[in-house]
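Before any comments, here is the structure.
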Amino acid sequence: MSNEQINSSKRKFPSDEDQWSTLSREELIQRCKQLDKHVEQLRNTIINIQNDIYFSSSSISVGIIMVLLYKKQHHKLLVTEELNYVQILNGVLPSSIRCTAWAPVPDGKSARFDCVSRSYRYFFPKANLNLDRMRQAAADLIGTHDFRSFCKLDITNDEPTFIRRIDNVTVEQLSIDNDSNNPNFGYQMCELLVHGSGFLWHQIRCIVAILLLIGQEKEDVQLVKELLNIEKYPCTPNYQIASELPLILFDCQFNNVEWICDHSSLRMTIAHLQRHWSSFQIRATMIKTMLNHLESQISDQQQTPILGQLALIENDSHASTGYNNNRKNYQPILTRPVRESVETKVEKFQNKKAKLKTSTDHDDEKNGEA
């Protein structure tokens, strides 16, 4: 996005306090990152423009733990004289949305455009994945690249750009399972951590989808590098993105922002999450006990492993795209039909806009004549 687009996207707020009541809820609240439904968020950031403007929590994404950038027109009050915004917000927000900290910021601060970096985490079971292959492929993502083959194309801008910078990518096995010392067990949880300046629509889920295929040794380790070569592959091959369920926006970083925590509210949020953890961990343990019993009845498990752990993560790819990920019938990514090019999609979008404008102008002329 160009500097002109960024500057034009930043909202201009009235200098007269009497005009603040005319602003909509969307104008009063800015989010650092807008995510799809079901995507969890740990430190998404919003800006509340002024504390005497009331807003409904229904306008905020569900399922987030957020921090608040508080923008005031006057900065004469000391922090000790401020209201406890964290406690007030958590008192009116639904339990699925919790605020953990706030910070005073100067006028002109944008939760979206002043964010210097974001971190995503994606969790998945090890199953039969070769993590070393995934790490090797993930290393090719680091740097500034055109990621059009790793996103859902958004061509609503006149000059869309898919160039983004990824600073770090790691693939690690988490030591949270009593059986994690058994390399063939398959139920250990793993984590993909991606840290960068900004991300495209569905970029992380596309990255995960490709890395999973490489980890299952269905694709070559060089696939990431090949898809980043837009001169060789200007159009994206058809493939199904990974599930949104294990994805979490983990952190959003800002320069020159000092967060103020309310430890009482933080303890309540921790207790709230601990209750959720207990519930899901108990259910997971019950299911795992059943699996242990059933798997003990299969004598040739090592020869013919049952790998249902990745079915949810792979997002039912056969039903969605027509491509079966079973090794016997698998069609390599680079041999598949491709989607429309960016240029073709932009041209179609512009033609559609032009037709709509012509139709609207024609209707206006008819109404004027009447």
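The values are calculated or read from the model by the stated rules, or taken from the named source; none is laboratory data. Predicted model only: the values in this text are computed from it and were never measured. Using ideal geometry, Cβ is built from the backbone for each residue, glycine included, and neighbour counts are taken over all protein chains shown.
Which of the following residues is closer than 16 Å to residue 133 by Cα and among the hydrophobic types (A, V, I, L, M, F, W, C): 241, 214, 230? Walk me through how you get there before you give the answer.
Working: 241 fails: closer than 16 Å to residue 133 by Cα; 230 fails: closer than 16 Å to residue 133 by Cα.
After applying the criteria, what remains is 214.
Please verify whether residue 124 is closer than 30 Å to residue 241 by Cβ, touching a helix residue (DSSP H, G or I) at 6+ places or on another chain (Cβ under 8 Å) and part of a strand (DSSP E or B), treating the condition exactly as stated. Quick ask: steps written out before the conclusion?
Details: closer than 30 Å to residue 241 by Cβ: yes; touching a helix residue (DSSP H, G or I) at 6+ places or on another chain (Cβ under 8 Å): yes; part of a strand (DSSP E or B): yes.
Yes: the conditions hold for residue 124.
Restricting attention to region 330-348, and to residues there that are assigned to a loop (DSSP other than H, G, I, E, B) and of a type in the set (D, E, K, R), which single residue is modelled with the lowest pLDDT? Working first, answer last.
Kept after step one, since they are assigned to a loop (DSSP other than H, G, I, E, B), are these residues of region 330-348: 330-332, 336-337, 339-341.
This time we only want the ones that are of a type in the set (D, E, K, R), so: 336, 339-340.
Numbers: 336: 95, 339: 89, 340: 84.
Checking each candidate, the answer is 340.
Restricting attention to region 274-288, does a residue exist that is under 28 Å from residue 102 (Cα atoms) and either over 22 Å from the mean Cα position of the chain (by Cα) or part of a loop (DSSP other than H, G, I, E, B) (or both)? Walk me through how you get there before you give the answer.
Going through region 274-288, the residues under 28 Å from residue 102 (Cα atoms) turn out to be 274-277.
With the extra rule that they be either over 22 Å from the mean Cα position of the chain (by Cα) or part of a loop (DSSP other than H, G, I, E, B) (or both), the set shrinks to 274-275.
Within region 274-288, one or more residues are under 28 Å from residue 102 (Cα atoms) and either over 22 Å from the mean Cα position of the chain (by Cα) or part of a loop (DSSP other than H, G, I, E, B) (or both).
Quick check: is even one residue across region 250-273 modelled with pLDDT of 90 or more, under 23 Å from the mean Cα position of the chain (by Cα) and among the basic types (Lys, Arg)?
For region 250-273, residues modelled with pLDDT of 90 or more, under 23 Å from the mean Cα position of the chain (by Cα) and among the basic types (Lys, Arg): absent.
Filter region 285-316 for residues that are over 28 Å from residue 207 (Cβ atoms) and of a type in the set (Gly, Ala, Ser); which is modelled with the highest pLDDT?
As a first pass, look at region 285-316 and keep what is over 28 Å from residue 207 (Cβ atoms): 285-304.
When the remaining residues are screened for being of a type in the set (Gly, Ala, Ser), the result is 296, 299.
Values: 296: 79, 299: 65.
That would be 296.
Working only within region 88-118, note down all residues that are within 24 Å of the chain's Cα centre (by Cα), exposed (fewer than 14 other Cβ atoms within 10 Å of the Cβ) and under 13 Å from residue 257 (Cβ atoms).
116
For residues in region 212-246 being surrounded by fewer than 21 Cβ atoms within 10 Å (Cβ to Cβ), of a type in the set (Asp, Glu) and under 21 Å from residue 152 (Cβ atoms), which is nearest to the chain's Cα centre (by Cα)?
Out of the qualifying residues, it is 244.
Return only the number of the condition from (1) at pLDDT 95 or above; (2) more than 20 Å from the chain's Cα centre (by Cα) that residue 209 does not satisfy.
Failed condition: (2).
Pick from 170, 269: which is surrounded by 13 or more Cβ atoms within 10 Å (Cβ to Cβ), without any contact (Cβ under 8 Å) to a residue 40 or more places away in the chain, outside any loop (DSSP other than H, G, I, E, B) and not small (Gly, Ala, Ser)?
Details: 269 fails: without any contact (Cβ under 8 Å) to a residue 40 or more places away in the chain.
Result: 170 is the single residue among 170, 269 that is surrounded by 13 or more Cβ atoms within 10 Å (Cβ to Cβ), without any contact (Cβ under 8 Å) to a residue 40 or more places away in the chain, outside any loop (DSSP other than H, G, I, E, B) and not small (Gly, Ala, Ser).
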